[in-house]
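Encoded as structure tokens, the structure appears first; notes follow it.
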Amino acid sequence: MTDTTIEIPLWEVKRVLERHAAQEGMGLQILERPQETAQELGVNWSLDLLRPLLDTSAPANELCARYREHIKEQNAWRDRIRQEGSPSHPRYRAWRERQIRRTNLEIGAARNESIIHAPAAYELAVGCSVGCWFCGISAGKLSRLFEYTADNAALWNDLLRAHEELIGPALRWAFCYWGTDPLDNPDYEKFCLDLWRITGVFPQTTTALALKNPARTRQLLDISEQHDVLCNRFSLLTLRQVLGVHQEFTPEELRRTELIPQNKESILRKAEAGKARDKDREPLVSSSTIACVTGLLVNMCERTVRLVTPCKSDERWRDGFQVRYRGQFDTAADFLALVRGWFDSLPLGVEDLPLVRPERALSLKEAETGFAIGSELHQVRLQDPNHSAYLRELGELIGEGRHQASTIATLLSYTRLVPPAKTMELLESLFSQGALDEEAELWDR
Ligand code: SF4
């Protein structure tokens with residue numbers, strides 16, 4: 001058994017940590033009985049070397065520093081996707097940025113950091129064959145597939161080009177699944193290759209069917225590697241599947257594949273969203289979402305499209321994302337006209353709102369010298385000891401939810417002698433933070 005770290009590849013560290021994530025108690029076992037656990041896991045180096053990753057009081061070492069660096073690189077890649085996913089359409093871009101800030105207010109900045117706010121997800125099926133009890137987006141049963149026929153391939157390519165015309169290079173961070181499993185569709189790889197030909201990026205894959213046909217999975221990993229995909233993901237529903245994947249694929253083969261252990265022995269907690277809501281099977285992470293698109297959800301079988309953005313799952317948005325618009329298309333030209341109309345009508349400033357009120361999932365509370373809008377996790381605050389009466393009244397008028405921005409500014413110019421431009425500036429800052437309800441217009445239709 002080697003004690004030096006120089007020749008230990010990071011994919012072997014990753015594999016041990018996957019067992020740690022999949023089996024509650026494995027971390028403690030590694031700390032207490034490293035040698036015995038190394039034998040059990042088939043590792044030929046000392047698991048004591050992983051101590052700094054499992055016990056923050058342990059002194060650092062080279063192996064763990066390398067591993068942490070690797071995680072940092074992965075996070076930087078995620079941040080890059082978020083940045084490059086910024087669309088060229090100005091109103092849609094401003095809307096996306098606001099929704100990212102609103103998500104901070106709803107679910108907290110720490111959780112939102114891991115959401116890429118991708119520009120699009122294309123479903124190549126209706127429903128999903130896996131049927132997870134906890135499905136955070138409530139996928140139905142698999143009922144149809146979008147096959148790679150000549151007509152479908154033509155529609156697909158035309159639609160991607162139309163979408164790219166609308167949002168520019170951001171489209172490269174789209175992917176081809178949502179309430180579907182990519183590997184349900186035998187033609188999935190063909191559609192991905194088209195996306196790569198148009199955008200220059202082969203999409204990331206997340207599947208719960210990695211073991212259904214290991215030869216196909218292996219081939220997909222190879223294609224992904226050839227096209228520089230940095231990370232695919234396998235979702236694993238039972239400990240048996242985790243062990244099966246470890247048996248079927250070498251650590252090196254999975255060096256760019258993240259395992260998500262969803263089994264009941266796992267240390268990961270599922271989001272309280274979609275089907276997991278109201279089920280009392282396991283402790284959940286409360287008030288959450290698994291949605292990661294601030295853009296279009298397109299179903300190619302049904303030819304439907306929705307403009308969506310993540311939110312805290314609640315009674316209204318059980319699946320953890322808001323639907324801003326929904327529609328149907330027959331051709332790529334229909335799609336382009338429909339979506340362009342949506343993007344062109346998104347509000348750009350607070351004056352575009354028919355009335356000013358707090359975003360529905362957020363609460364407005366009086367603060368010491370003003371007020372705050374947000375959740376228990378994150379708030380935007382307007383406070384000033386020299387203008388507390390004015391700010392309180394501003395908060396009250398917003399809370400009433402009956403006035404346009406210009407009306408609020410005029411009222412406060414009479415009651416508090418504050419120039420309307422000052423009030424408009426404050427309202428604009430709340431709007432740009434995503435603290436104001438942008439759905440008012442839709443609700444009142
Ligand atoms: S979580 Fe994924 S794999 Fe499971 S049912 Fe939902 S879409 Fe299918």
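Sequence-distant or interchain residues sharing an amide H contact under 5 Å with ALA125, placed H: which?
PHE146, MET300, CYS301
What percent do you get for the relative contact order of the stretch 351-443 when only Cα pairs under 8 Å and 6+ apart count?
34 percent
Highest mean first, how do 63-76, 15-28 rank when packing is the count of other Cβ atoms within 10 Å averaged over residues?
15-28, 63-76
Using Cα pairs closer than 8 Å and at least 6 residues apart in sequence, work out the relative contact order for the stretch 1-158, in percent.
14 percent
Which GluC sites (Glu not before Pro) does the stretch 81-127 hold that lie in a coil by DSSP with at most 11 other beta carbons within 10 Å?
Filter output for the stretch 81-127: empty list.
Karplus couplings for the stretch 226-242 from phi (6.51 cos²θ - 1.76 cosθ + 1.60, θ = phi - 60°), rounded to Hz, Gly and Pro as x?
4, 9, 6, 6, 7, 8, 9, 9, 10, 9, 10, 8, 9, 5, 4, 5, 4
Any chance you could check the Cα centroid distance between the stretch 361-401 and the stretch 209-263 for me, in angstrom?
48 Å
Whole-Hz Karplus ³J(HN,Hα) for the stretch 385-399, in order, using 6.51 cos²θ - 1.76 cosθ + 1.60 and θ = phi - 60°, x for Gly and Pro?
x, 7, 9, 5, 5, 4, 5, 4, 5, 4, x, 4, 5, 5, x
Just name one of GLN35, HIS246, PHE175: the one whose Cα is farthest towards the positive end of the charge dipole of the chain (beta-carbon charges, Lys/Arg +1, Asp/Glu -1).
Farthest towards the positive end: PHE175.
Express the Stokes-Einstein translational diffusion coefficient of the chain in µm² s⁻¹, to the nearest whole number, given a Kirkwood radius over alpha-carbon pairs, 4 °C and a viscosity of 1.567 mPa s.
54 µm²/s
Could you tell me how far the Cα centroid of the stretch 46-114 sits from the Cα centroid of the stretch 281-332, in Å?
Cα centroid of the stretch 281-332 versus Cα centroid of the stretch 46-114: 22 Å apart.
Using a 10 Å cut-off on Cβ atoms, rank the peptides 171-183, 213-225, 136-148 from the highest mean neighbour count down. Don't skip to the answer; put the middle values down first.
Details: 171-183: 23.8, 213-225: 15.5, 136-148: 17.1.
For the peptides 171-183, 213-225, 136-148, the packing ranking is 171-183, 136-148, 213-225.
Show me the GluC sites (Glu not before Pro) within the stretch 265-311 that DSSP assigns to loop and that have at most 16 other Cβ atoms within 10 Å of their Cβ.
Of the GluC sites (Glu not before Pro), the ones in loops of the stretch 265-311 whose Cβ has at most 16 other Cβ atoms within 10 Å are GLU265, GLU302.
What 222 nm value per residue comes from the helices of the chain, counting each DSSP H run with n ≥ 4 as -39,500 (n - 2.57) and dividing by all residues, nearest 500 deg cm²/dmol? Intermediate results must be reported in sequence, preceding the final value.
Values: 16 runs with 184 residues, N = 445.
Counting only the DSSP helices, I get -12500 deg cm²/dmol.
Note down the nm distance, to one decimal, between modelled labels 7 Å out along Cα→Cβ at LEU417 and at LYS212.
7.2 nm
Taking 8 Å as the Cα distance limit and 6 or more residues as the minimum spacing, I'd like the relative contact order of the chain as a percentage. Before the final figure, lay out the partial values.
Values: 793 pairs, mean separation 73.6, N = 445.
Computed value for the chain: 17 percent relative contact order.
Laboratory data are not the source of any read-out in this text; all were calculated from the coordinates shown. Note that the structure is predicted; figures quoted are calculated from it, not measured. Neighbour counts are summed over all protein chains in view; Cβ atoms, including those assigned to glycine, are modelled from backbone coordinates with ideal geometry.
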